[in-house]
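Asker: This is the structure I want to talk about, given as structure tokens.
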């Protein structure tokens, strides 16, 4: 990414969208909308001082909503370009309220609340669309109860949990436990605030709340409004403390997830959603299971799938190594449903075909290997580019010209073409680059001659 | 900008940058205290802690510090030089500092990772390493990069779909190509195939491409020929191609390996006899030549693959089996076809659809367990059905073994010519399994198609076209510029023992018969340092890693 960002012949237009393409191969006219960032790209150094001061917390999509970011932010720490952006839907100023802390903080003077979208017209020889895919939303599968059951997560969420820079710093905390811990943190803050308020009252009256409370309860005399208020506060405080103790007791028993289940083909190879195989998810699950085991050697994983498609150089070997060294077992079964068990432990219901019985097995955490769906908006992009989609909703190509779309001079690579893994995407990207250069070279040769 | 350093030690102005790497480093050691410590080291005039030194803002900070504080040495303490040294040193160069005056210290792998959970120890070690890096940086010398010319011609080895696609694409970019094919005709494996998965004749497709490549000006096609010698280096390879008729010597700038693979035929494998038990490739030929006669067919997947001898999955056999099964079923609807498999590798969109369609046509699929029973006997196949947990027997008059593509016999000789590695299965080993699938780690040499790993015709074609842009990225430039971290041999002290010559893995050292000393061919040298550590008279040194530079580092411990 950094190589691309620093390349003298590459102009990056991040946070921009193609709106119109006219002309033909070798001489396209492309209209691009550079969306307003409210941060001047020329001035922003990416130092992040604005983010530190921003008072608005927003759920962080990069961490799959398991942490928060600020209203002025960059997508992730090593993102290219490092230019920050203001989230207009959440920024106080852009929502018509008072703030502007980031603007005062920015030494470069890069914050510009007046910035508007800009339209850029480009002369382009050839176009490559590498618009990727969209992760399938597993809540569309009712039997897996994603979102209902806290400890059922998607493969991408799990990826963030495993990451050292993720919401749990790489520890496999369970979402149900995280939310309890978050509740504890909120209550502790409230408790602190309450106890400080009580202290002030105690100081003022020279008495301890508990003693006054005893008297107050006995006498039931309540003429003094200040006393009444004090005692109401104290009662609330006691309740809060009780709740906090209870939660802390619960949290003391929490353990990180050690028994994992991966369910393959969530949305893929499923006629209700996508009939195709998403290609990379089997290896993705195996990799995640291997990393989870590396992080904690007591971790065991079961991968439920129809076939384990370890189709790539070294992949089948990796799969076998996973079972030999990383406590992974592969089970040929399509899980029928997930139900909640005691302690928020998901219970998988599936058929053991050999024994011909339905089994129920409890896990700490279930990971759904979600499908590689055609990117949201791919049909609109196809219209803009004037190219066709295939029956699966990806850009149409032919085996003879594997990266050529249906319009001359426009090429495709990666998961915009069809579901594929990294090495295939990289090889295809080189291929698309090659075809694009051929188009441009051809035009150049024609002009020269 | 690239002036030779004349700085005396008292002119030293070292800048030290300590990277938190988010929490990757800062989570396990005290980066602030390392930064403070660095500021007190001799020669250090500036030290700074960054959240991510490699981020755009981190780079800008280094560059601004070079200008503002007149730094003439930069030390970054962060992750691995393998991944990040090129970025940092080139960024220093952009700010006007000679890139060879940059030094990198790895406090992620060597401190935060190996001493995870030992905060104080990790911090102390990071300080030690930074002190060593600063001490070494003081002794670094400015270097000029090494430049060389480029020949804009490419050797493509192999005239199958990958090689032909590469040649076609390279020529379309205006580059000249020499295509060498050892068989008498172009086309490779596709010549023997019946139809492709979309029903198109494989032979016609490949004939079209072969004809186009053969008739294009600027592509020299040498069939019935072999490459017998390769010398030289990126930009300037000397190649020798031999055929029965002639021997040709040529200069090329880059080499593309597209030598393909062959379907396994193993006598005795699951009763293979070439008549009632045949390979999938032989079935293709029968279908193509219309000699196919059978009504009860059992296909066995992973025959001779995914076992202890050949651990890999051959990727293309499942789709081939399904394709042929569907062809037969369409032609003979009453044919009884069973496919015994372990995992149906119908990845992606089109292939999975074929699997649905095949099932819909009445082709049976059964999972078998190779660990239990699998026997091909007289008119029947016996196997253990994993899903049902029972042993089943299927009567048949033809058994088709889906055998894997295996590496060619002559792979090691081709690999030897170029000194490129192969994996344990005999496939060529690319530079990086994920990010550089088409490159070799040796500069100027590339790989595509089934010589790397079994691929479908569409994948081989994609890679063939792709390799062309990898080549173009080198040959479209005016000249080649390479790192100056190379060996140097002092001809005053060299005694000509040739110890270095024997340990050099890149044949970058030659013996000068006249002077009776060894000499380094800088353009070939990769800076491994084998010669320097072998030389008994200390005449061979590695620039940037001279004895005094390493000793400065050691003394600082």
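Asker: Calculate the all-directions average of the projected area of segment B:278-330's alpha-carbon convex hull, and give it in nm². List each step's numbers first, then the result.
Answerer: Details: hull surface 15.4 nm².
That works out to 3.8 nm², a quarter of the Cα hull's surface.
Asker: Separate question: Using 7 Å Cα-to-Cβ label points, what is the residue A:148/residue B:149 separation (nm, one decimal)?
Answerer: According to this spin-label approximation, the distance is 7.5 nm.
Asker: Also, I was wondering about something else. For residue A:13 and residue A:105, FRET efficiency with R0 = 41 Å and r from the beta-carbon atoms, rounded to 0.05?
Answerer: Working: r = 27 Å, r/R0 = 0.66.
Calculated value: 0.95.
Asker: Which part of segment B:121-156 falls in the paramagnetic zone of residue B:33, meaning amide N under 14 Å from the point 7 Å along Cα-to-beta-carbon?
Answerer: Zone members listed by number: B:121-128.
Asker: Starting from the Cα-Cα distance between residue B:200 and residue B:80, subtract it from 0.36 nm times their residue separation and give me the gain in nm to one decimal.
Answerer: Difference between extended and current length: 38.2 nm.
Asker: Still on this structure, I have one more. Just need the Rg to Rh number for segment B:346-495, please, alpha carbons only, Kirkwood Rh.
Answerer: 1.19
Asker: Here's something else I'd like to know. In deg cm²/dmol, rounded to 500, what helix-only [θ] at 222 nm does chain A give when every DSSP H run of at least 4 residues adds -39500 (n - 2.57) and the total is split over its residues? Don't skip to the answer; put the middle values down first.
Answerer: On the way: 11 runs with 154 residues, N = 449.
Rounded to the nearest 500, the figure is -11000 deg cm²/dmol.
Asker: In a Debye calculation with equal point scatterers on the alpha-carbon sites of segment A:351-413 and no solvent, what is log10 I(q)/I(0) at q = 0.12 Å⁻¹?
Answerer: Scattering profile of segment A:351-413, log10 relative to I(0): -0.52.
Asker: Rounded to two decimals, what is the ratio between the C-alpha radius of gyration of segment B:247-404 and 2.2 N^0.38 Å?
Answerer: With N residues counted in segment B:247-404, Rg over 2.2 N^0.38 Å equals 1.16.
Asker: With no solvent and one equal point scatterer per Cα, compute the Debye intensity ratio I(q)/I(0) for segment B:143-243 at 0.24 Å⁻¹ and report its log10, rounded to two decimals.
Answerer: For segment B:143-243 at q = 0.24 Å⁻¹, log10 I(q)/I(0) is -1.25.
Asker: Per Stokes-Einstein, at 25 °C and 0.890 mPa s, what whole-number D in µm² s⁻¹ belongs to chain B, with the Kirkwood radius over Cα pairs as the hydrodynamic radius?
Answerer: Rounded to a whole number, D works out at 89 µm²/s.
Asker: Other chains' Cβ within 10 Å of A:45-54 residues: what's the mean?
Answerer: Taking the mean over all residues of the peptide, I get 2.
Asker: Here's another thing I want to ask about it. Quote the FRET efficiency, to the nearest 0.05, computed for residue A:122 versus residue A:6 with a Förster distance R0 of 25 Å and r equal to the Cβ-Cβ distance.
Answerer: E(calc), rounded to 0.05, equals 0.75.
Asker: Kindly state, to the nearest 0.05, the FRET efficiency for residue A:255 paired with residue B:369, given R0 = 51 Å and r defined as their beta-carbon distance.
Answerer: 0.90
Asker: Here's something else I'd like to know. Could you give the distance between the Cα centres of segment B:254-287 and segment B:475-533, to the whole Å?
Answerer: For segment B:254-287 versus segment B:475-533, the Cα centre distance is 45 Å.
Asker: Let me see the pair-distance distribution of segment B:428-557: every alpha carbon pair, 10 Å bin width, integer percents in order.
Answerer: Per 10 Å bin, starting at 0, the Cα pair percentages come out as 12, 30, 24, 22, 11, 2.
Asker: Where Rh is the Kirkwood radius over the Cα pairs of segment A:208-257, the temperature 4 °C and the viscosity 1.567 mPa s, what D in µm²/s does Stokes-Einstein return?
Answerer: The Stokes-Einstein estimate is 102 µm²/s.
Asker: Next up: If you average the alpha carbon positions of segment A:407-426 and of segment B:38-82, how far apart do those two centres end up, in angstrom?
Answerer: Taking the Cα centre of segment B:38-82 as reference, the centre of segment A:407-426 is 39 Å away.
Asker: Related question: Using the Kirkwood formula on the Cα atoms of segment B:44-124, what hydrodynamic radius do you get, in angstrom to one decimal?
Answerer: It is 13.2 Å.
Asker: Give me the percent of Cα-Cα pairs in segment A:68-144 that sit more than 20 Å apart, rounded to a whole number. Walk me through the numbers before you get to the answer.
Answerer: Working: 1711 of 2926 pairs.
The share of Cα pairs beyond 20 Å in segment A:68-144 comes to 58 percent.
Asker: What does segment A:136-177 give for Rg and for Dmax, in Å, if only its C-alpha atoms count?
Answerer: 11.0, 32
Asker: Residue separation times 0.36 nm, minus the C-alpha to C-alpha distance between residue A:89 and residue A:408: what's the value?
Answerer: Working: separation 319, 0.36 × 319 = 114.84 nm, distance 3.93 nm.
Contour length minus Cα-Cα distance gives 110.9 nm.
Asker: Take every Cα pair under 8 Å in chain A that's 6+ residues apart, average their separations, divide by the length, and report that relative contact order as a whole percent.
Answerer: Values: 739 pairs, mean separation 77.6, N = 449.
Once normalised by length, the contact order is 17 percent.
Asker: Distance between the C-alpha centers of segment A:157-231 and segment B:87-128? Whole Å please.
Answerer: The distance from the Cα centre of segment A:157-231 to that of segment B:87-128 comes to 44 Å.
Asker: Sorted by average packing, counted as other Cβ atoms within 10 angstrom per residue and highest first, what order do B:81-92, B:294-305 take? Mind showing how you got there, number by number?
Answerer: Details: B:81-92: 17.6, B:294-305: 23.3.
Averaged packing, sorted descending, gives the order B:294-305, B:81-92.
Asker: Treat the count of other C-beta atoms within 10 Å as a stand-in for reagent exposure and order A:2, B:283, B:480 from fewest to most.
Answerer: A:2, B:480, B:283
Asker: Could I ask something else about it? So how compact is segment A:301-406: Cα radius of gyration and Dmax in angstrom?
Answerer: Gyration radius and largest Cα-Cα distance of segment A:301-406: 19.9, 56 Å.
Asker: Given the DSSP H assignment, sum -39500 (n - 2.57) over each helix run of at least 4 residues in chain B and divide by its residue total; what's the result at 222 nm in deg cm²/dmol, nearest 500?
Answerer: Details: 14 runs with 164 residues, N = 557.
Calculated mean residue ellipticity at 222 nm is -9000 deg cm²/dmol.
Asker: Separate question: Taking 0.36 nm per residue of separation and subtracting the Cα-Cα distance, what length does fully extending residue B:506 through residue B:378 add? Don't skip to the answer; put the middle values down first.
Answerer: On the way: separation 128, 0.36 × 128 = 46.08 nm, distance 5.55 nm.
Once the chain is fully extended between residue B:506 and residue B:378, it gains 40.5 nm.
Asker: Further question: Once Rh for chain A is found with the Kirkwood sum over Cα pairs, what is the Stokes-Einstein diffusion coefficient at 37 °C and 0.692 mPa s, in µm²/s?
Answerer: 124
Asker: Now for a separate question. Give me Rg/Rg_expected for segment A:178-325, where Rg uses Cα atoms only and Rg_expected = 2.2 N^0.38 Å with N residues.
Answerer: After normalising by residue count via 2.2 N^0.38 Å, the value is 1.91.
Asker: Averaged over its residues, how many other protein chain Cβ atoms are within 10 Å of peptide B:449-460's Cβ atoms?
Answerer: Mean shielding by partner chains, rounded to a whole number: 3.
Asker: Applying a 10 Å radius around every beta-carbon, put B:252-260, A:406-414, B:484-492 in order of their mean neighbour count, most first.
Answerer: B:252-260, A:406-414, B:484-492
Asker: Show me B:353-362, A:172-181, B:400-409 ranked by packing, highest mean number of other Cβ atoms within 10 Å first.
Answerer: Sorting B:353-362, A:172-181, B:400-409 by mean packing, highest first, produces B:400-409, A:172-181, B:353-362.
Asker: In percent, how large is the relative contact order of chain B, given Cα pairs closer than 8 Å and 6 or more residues apart?
Answerer: Relative contact order of chain B: 14 percent.
Asker: A further question follows. Using only the alpha-carbon atoms of segment A:38-110, report the extent along each of the three principal axes, biggest first, to the nearest angstrom.
Answerer: 32, 30, 17
Asker: A follow-up question, please. Residue by residue through A:391-400, how many Cβ atoms from other chains fall within 10 Å of the Cβ on average?
Answerer: Working: counts 3, 5, 1, 2, 0, 0, 2, 3, 12, 10.
Going residue by residue through A:391-400 and averaging, the value is 4.
Asker: Another question about this same structure. Sort B:313, B:535 by Cβ crowding within 10 Å, fewest neighbours at the top.
Answerer: Ascending number of Cβ neighbours within 10 Å: B:535, B:313.
Asker: In addition: Among A:278, A:398, A:434, whose mean-square fluctuation peaks in a Gaussian network model of chain A (Cα, cutoff 10 Å)?
Answerer: Its mean-square fluctuation being the largest, the pick is A:398.
Asker: Cα extents of segment A:249-356 along the three principal axes, largest first, in whole Å?
Answerer: Extents along the principal axes: 47, 32, 28 Å.
Asker: Let me ask something additional. Take the Cα atoms of the protein assembly as shown, find their three principal axes, and give me the spread along each one in whole Å, biggest first.
Answerer: Taking max minus min along each principal axis of the Cα atoms, the protein assembly as shown gives 114, 82, 61 Å.
Asker: For the residues B:243, B:165, what sequence is obtained by ranking on other C-beta atoms within 10 Å, fewest first?
Answerer: B:243, B:165
No lab work stands behind these numbers, since they all come straight from the coordinates. All values derive from a computational prediction rather than experimental measurement. Ideal geometry is used to build each Cβ from the backbone, glycine not excepted, and the neighbour counts take in all protein chains shown.
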